[in-house]
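Below is one structure, written out as structure tokens; comments come after it.
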Amino acid sequence: MRLTTSLSMIVLGAVAATSAVAADWSADSVGYRYYSAQSEPGVSDKVAKNVLSFTHVSGDKLGMNLFTIDYLRSDSNDPANGGGGGASEWYGFYKRSYSLSAMTGNKSGYGFAKDLSLTGRIDAGAKNTAFAPAPFKLRVGGSADLPVSAGFWNVGLEAYKENNNNGIVGKQVSFDTTWAVSSAWAIPLGSAGATFEGFLDVVGPKGKDGFGAQTVTETLLRASLMFDVGGAKSGLQAGFGFEYWNNKFGCDNSASGVNNSCTATSPMLLLAYKL
């Protein structure tokens, strides 16, 4: 029930927001990622994961919409509650930006930035482990588009508020409001059909977790090199990269009862298809 409710909220929010203003352009894609060695707090062994994703991006006269959702399937090192193999997880978010350039018609930039935007984001998810996390996050802030010659690169600063569930102790957790710094990029590299893309997300300490432990600053970096397969018009890309996740979910890796379970550098393989 929690999974259905979380997904319904994020999907309905995305639909309502994207319907409010007619889109001038849009792009949809599906993707697949494979990790051989992710970490999970409290799990002593590294976890292999298969991830399926869907992403929608669109732009209108006010700014941009971004909606993405992942389905993640772990191997047996990260077991589902009650057995039956590895855990399953859904996680998605909707982000809305309001572009100063789009709303004012100013195309000459703002100092160091090509554009400035106000941003709002809603995240939701659920996982069927004994911990039974069900994150719901709100983020509000601003971002700047940096003047790269092709593709995009933006940086942002946001206020961050998270509510979650701790099934081990059987309680809902309302974390303190904190700060978040983010960056995302996709930059073409020459004429070989390669793109360097990824994101960085840093979330500050958010108070105590459901066990009463103090959370610490969390850093998530994902970077990949993607290549066109069969030419740019085919819509198919393949690539490789890595993910670095330190103090995952705010868990203090240096104080974790299970060594290095809150931090990992994970190689990944990727496929993407533009619909």
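The values are calculated or read from the model by the stated rules, or taken from the named source; none is laboratory data. Just so it is clear, the model here is predicted, and its values are computed rather than measured. A quick note on method: Cβ atoms are made from the backbone with ideal geometry, for glycine too, and the neighbour counts reach across all protein chains shown.
Per-structure values
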| quantity | calculated |
| --- | --- |
| Residues of the stretch 251-275 satisfying the condition of being under 29 Å from VAL57 (Cβ atoms) and touching a residue at least 60 places away in the same chain (Cβ under 8 Å) | ALA264, SER266, PRO267, MET268, LEU269, LEU270, LEU271, ALA272, TYR273, LYS274, LEU275 |
| Qualifying residue in the stretch 179-194 (condition: buried (at least 19 other Cβ atoms within 10 Å of the Cβ), in a strand (DSSP E or B) and among the aliphatic types (A, V, I, L, M)) | yes |
| Residue tally, condition among the hydrophobic types (A, V, I, L, M, F, W, C), under 20 Å from the mean Cα position of the chain (by Cα) and assigned to a strand (DSSP E or B), over the stretch 219-253 | 9 |
| Residue in the stretch 134-157 that is in contact (Cβ under 8 Å) with a residue 60 or more places away in the chain, in a loop (DSSP other than H, G, I, E, B), small (Gly, Ala, Ser) and crowded, with 17+ Cβ neighbours inside 10 Å present | yes |
| Unmet criterion (only one of (1) buried (at least 16 other Cβ atoms within 10 Å of the Cβ); (2) outside any strand (DSSP E or B); (3) without any contact (Cβ under 8 Å) to a residue 24 or more places away in the chain; (4) not polar (S, T, N, Q)) for VAL216 | (3) |
| Selection status of LEU118, of a type outside the set (D, E, K, R), closer than 19 Å to VAL57 by Cβ and part of a strand (DSSP E or B) | yes |
| Which numbered condition ASN106 misses (of (1) under 21 Å from GLU243 (Cβ atoms); (2) modelled with pLDDT under 95) | (1) |
| Residue within the stretch 264-275 that is among the polar types (S, T, N, Q), modelled with pLDDT under 95 and not in a strand (DSSP E or B) present | no |
| From ALA144, ALA150, residue being small (Gly, Ala, Ser), modelled with pLDDT under 95 and more than 22 Å from TYR91 (Cβ to Cβ) | ALA150 |
